[in-house]
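Asker: This is the structure I want to talk about, given as C-alpha cells.
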Amino acid sequence: MFLLIVKIFRPFLRVQSSFWPLLVSIIVFSVTGNIVLLISLKISFYSYFISVCFLFLVIILWWKDFLRESILGYHTHKLELSLRVSVLLFILSEIFFFLSFFWAFFDSSFSPCVEIGILWPPKGISPISFYSVPLLNTVILLSRGLTVTWCHHSIINNLFNSSVFSLFITVLLGIYFIYIQYIEYDESHFSIADGVYGSTFFIATGFHGFHVFIGASFLLYTLFSLLLGNILYNHHFSFEAAAWYWHFVDVVWLFLYITIYWWGGLRC
C-alpha cells in the first residue's frame, strides 16, 4: 500500500547516492588513456585489457543495481516511458554517429582527387567482393534479426524454452558475425593506412563490428536475466531496449553493404 501511494505522488525514482557513475567515468578515462599510450608509446597491451575488464565488471554491477530497483517495483509506468525515450534518443545519436562516416565516404567517392588517380575505388585498391564474405554476413544479419524477433514473441507469449533458445541463437550469430568480419579483414588486400578508401572502409565497418559486440553483450546479459526469471511477459523492457539496438545495428549494416561494399566497389 505504501509503495502504491509513493508511485502515485512520486512517479519517478529518487536515485540514492551512488559511486557507479564516478567509477565508470574514471575507468573510461583509463581505457582511452591506455589506447593512446598503446598506440603512441607501444606500452604493454595488458594494461589496456585490464582496464576494459574492469569497465565491463563495473557496468555489470551497475546493471545489477538497476535490475534490483526494477524488481522492487520502483520503475513506474512514467519512469519506464522516460527510459524508452532515452533509449530512442541514444539510438538517434548513434544514427548521426554513423552518418558522419557515410558523409566522409560519399564526399571522397563522388569527387575523387588527383592524389588517388581520380578513380573510386582509388588506383591500386582491390575492393572486397560484395558477393563473398559480406554477403554471408548479410545472411547472418537477417537471420539474427529473425531470431531476436522470435525471442520477443516467445517472451510475450510466456514461452520460456523457446525464448531462451532463440536468444541463445541470436547471441551466437552475433559472435559468428564478428568472427567472419575478422576473417574478412585478415584476407583483405588493403589496410586502414591505404588512403581515404582504407580509412573510411575500416572505420565504418570496424565501428559497426564494435556495435555488434556491444549488442551481443547486451543480449547476453538479458539471456542471463531470462534464465534467472527476471524477464517476464509483462516485465521485459531490458530485452526490448537490447532488441531495438540490435535492429538498429542490422539496419546500419544493410546501408554499409549497399553503399560501401556494393556501390563503393564499382569502378567510377
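Asker: For segment 96-145, give me each residue that is in a loop (DSSP other than H, G, I, E, B), β-branched (Val, Ile, Thr) and without any contact (Cβ under 8 Å) to a residue 12 or more places away in the chain. Break it down into steps so the answer makes sense when it comes.
Answerer: Step one: of segment 96-145, the residues in a loop (DSSP other than H, G, I, E, B) are 111-113, 117-132.
Now narrow it down to the ones that are β-branched (Val, Ile, Thr): 118, 125, 128.
118 - this is the single residue of segment 96-145 that is in a loop (DSSP other than H, G, I, E, B), β-branched (Val, Ile, Thr) and without any contact (Cβ under 8 Å) to a residue 12 or more places away in the chain.
Asker: Further, regarding this structure: Residue 206: in contact with a Ser or Thr (Cβ under 6 Å, 6 or more places away or on another chain), in a helix (DSSP H, G or I) and within 24 Å of residue 104 (Cα to Cα), yes or no?
Answerer: Details: in contact with a Ser or Thr (Cβ under 6 Å, 6 or more places away or on another chain): no; in a helix (DSSP H, G or I): yes; within 24 Å of residue 104 (Cα to Cα): yes.
So residue 206 fails the test.
Asker: Here's another thing I want to ask about it. Please count how many residues of segment 219-261 are farther than 17 Å from residue 82 by Cα, surrounded by fewer than 23 Cβ atoms within 10 Å (Cβ to Cβ) and of a type in the set (Ser, Thr, Tyr).
Answerer: Qualifying residue count, segment 219-261: 5.
Asker: Given the condition of a type in the set (D, E, K, R), more than 20 Å from residue 263 (Cβ to Cβ) and assigned to a helix (DSSP H, G or I), answer yes or no: does some residue in segment 162-185 qualify? It would help to see each step written out before you state the result.
Answerer: Pass one, segment 162-185, residues of a type in the set (D, E, K, R): 184.
From the residues that got through so far, the ones that are more than 20 Å from residue 263 (Cβ to Cβ) too are none.
No; the residues of segment 162-185 include none that is of a type in the set (D, E, K, R), more than 20 Å from residue 263 (Cβ to Cβ) and assigned to a helix (DSSP H, G or I).
Asker: Also, quick follow-up: Residue 139 passes all but one of (1) closer than 30 Å to residue 123 by Cα; (2) aliphatic (A, V, I, L, M); (3) surrounded by fewer than 14 Cβ atoms within 10 Å (Cβ to Cβ); which number fails?
Answerer: Unmet for residue 139, out of (1) closer than 30 Å to residue 123 by Cα; (2) aliphatic (A, V, I, L, M); (3) surrounded by fewer than 14 Cβ atoms within 10 Å (Cβ to Cβ): (1).
Asker: So residue 193 ticks every box in (1) more than 22 Å from residue 173 (Cα to Cα); (2) in contact (Cβ under 8 Å) with a residue 24 or more places away in the chain but one. Which box is left unticked?
Answerer: Evaluating residue 193 over (1) more than 22 Å from residue 173 (Cα to Cα); (2) in contact (Cβ under 8 Å) with a residue 24 or more places away in the chain leaves (2) as the failure.
Asker: Considering only segment 100-118, state which residues are within 17 Å of residue 199 (Cβ to Cβ), surrounded by 12 or more Cβ atoms within 10 Å (Cβ to Cβ) and not aromatic (Phe, Trp, Tyr).
Answerer: Answer for segment 100-118, where residues must be within 17 Å of residue 199 (Cβ to Cβ), surrounded by 12 or more Cβ atoms within 10 Å (Cβ to Cβ) and not aromatic (Phe, Trp, Tyr): 104, 108, 109, 112, 116, 117.
Asker: For segment 234-257, check the following and say yes or no: at least one residue is farther than 25 Å from residue 88 by Cβ, of a type in the set (A, V, I, L, M) and in a helix (DSSP H, G or I).
Answerer: For segment 234-257, residues farther than 25 Å from residue 88 by Cβ, of a type in the set (A, V, I, L, M) and in a helix (DSSP H, G or I): absent.
Asker: In segment 1-81, which helices (runs of 4 or more DSSP H) lie fully inside it and hold 3 or more residues that are at pLDDT below 75 and either surrounded by 13 or more Cβ atoms within 10 Å (Cβ to Cβ) or assigned by TED's automatic domain parsing to the domain that holds residue 234 (or both)? Full working, then the answer.
Answerer: Working: elements: 2-9, 20-40, 45-71.
Correct list: 45-71.
The values are calculated or read from the model by the stated rules, or taken from the named source; none is laboratory data. Just so it is clear, the model here is predicted, and its values are computed rather than measured. Neighbour counts run over all protein chains shown; Cβ positions are idealised from the backbone, glycine included.
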